[in-house]
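Q: After the structure tokens below, expect a handful of questions from me.
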Amino acid sequence: MTPSDASHNRWSDLDRPPLNVPALRRGLLRPDGLWSTLDVVDTTGSTNSDLAGRAAGLTEGAVLVAEEQTAGRGRLDRTWTAPARSGLFFSVYLTPGAVPVQRWGWLPLLTGVAVAAGLAKSAGVDTALKWPNDILVTIEGEERKTGGILAERAGDGVVIGIGLNVSLRADELPAPAAASLALAGAVSTDRETLLRGVLRSLEQWYGKWRAADGDAAASGLQEAYVAGCATLGRTVRAQLPGDRTLTGEAVAIDGDGRLVLSTGDGLQEPVSAGDIVHLRGAGGGLT
């Protein structure tokens, strides 16, 4: 496709209108609220990289949304791409301040809980969380990934990126195990409705967590994550840093947000980082 063709077809997909930035700002930016700025760009490599690069000059609550992301990143630097305006690709900048830094590891899990709660209200879709940062939906009995979260330290705070497949059709999915909210039967795929729902939910959960000085138990975060986590109760394989692999039953999320595996030798081992593969359990199959 030539550049002129691209511009000619820019608005040709009527199911995927551009975001209404003034309306989003009116709905989300309040003097007493968390969200301080909201910008939408037509295309960028990665909203996380963009915000992280400007972290020194940002105020807490900056939101950057891209209509199209050409070099979006997941965990382990996997790429995340999708057709323009087919999903929500955005990052936020948070500065937890007085919350002890050792508790900041809960932020991606908090974001997962907030996304799940926000989508339940705004999209009418039941989602589950795969530790540590995938958003799953169930289609015809199979768990499939419709979103992901990536948190990175930047400046005095954390940039949290969220990618959600919203209107992707089956022939547009990047992988067989992927899904979209539309394919999961969402009652709404209006991206403005979904973005408002997710950001309002994130503001509420972040406020609770900060008010509890980052204590995941006291804020209700740990309980909420456990309730929505599809990894618990499953046999999983954890691919750990240093090419180490650990297989066991996922039995708990501990106070530091780590996944606790019960291994065959009766030991329990917490995993703080790694790629998790669901081997057996609820729903069956590999995810």
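Q: Counting only residues that are surrounded by fewer than 15 Cβ atoms within 10 Å (Cβ to Cβ) and at pLDDT 95 or above, which one in region 227-242 is nearest to the chain's Cα centre (by Cα)?
A: Selected residue: 227.
Q: Sort through 36, 86, 91 and tell me the only one that's among the hydroxyl-bearing types (Ser, Thr, Tyr) and closer than 24 Å to residue 170 by Cα. Give the derivation first.
A: Details: 36 fails: closer than 24 Å to residue 170 by Cα; 91 fails: closer than 24 Å to residue 170 by Cα.
Only one candidate passes the filter, namely 86.
Q: Among helices (runs of 4 or more DSSP H) lying entirely in region 1-109, which contain 2 or more residues that are at pLDDT 90 or above?
A: Working: elements: 3-8, 21-28, 47-53.
The qualifying helices (runs of 4 or more DSSP H) are 21-28, 47-53.
Q: Which strands (runs of 3 or more DSSP E) sit wholly inside region 120-185 and have at least 2 residues that are surrounded by 24 or more Cβ atoms within 10 Å (Cβ to Cβ)? Write out each step before concluding.
A: Working: elements: 128-130, 134-139, 142-154, 157-165.
By residue number, 134-139, 142-154, 157-165.
Q: Still on this model: Could you tell me which numbered condition residue 200 fails, if it satisfies all but one of (1) surrounded by 15 or more Cβ atoms within 10 Å (Cβ to Cβ); (2) at pLDDT below 95?
A: (2)
Q: Return the residues of region 136-165 that are farther than 16 Å from residue 189 by Cα and aliphatic (A, V, I, L, M); say none if nothing qualifies.
A: Residues of region 136-165 that are farther than 16 Å from residue 189 by Cα, as a first pass: 136, 138-145, 148-162.
Those that are farther than 16 Å from residue 189 by Cα and aliphatic (A, V, I, L, M): 136, 139, 149, 150, 151, 154, 158, 159, 160, 162.
The values are calculated or read from the model by the stated rules, or taken from the named source; none is laboratory data. Computed from a prediction, not measured in an experiment: that's the story for all the values here. Heads up, the Cβs are rebuilt from the backbone with ideal geometry, glycines too, and the neighbour counts pull from every protein chain shown.
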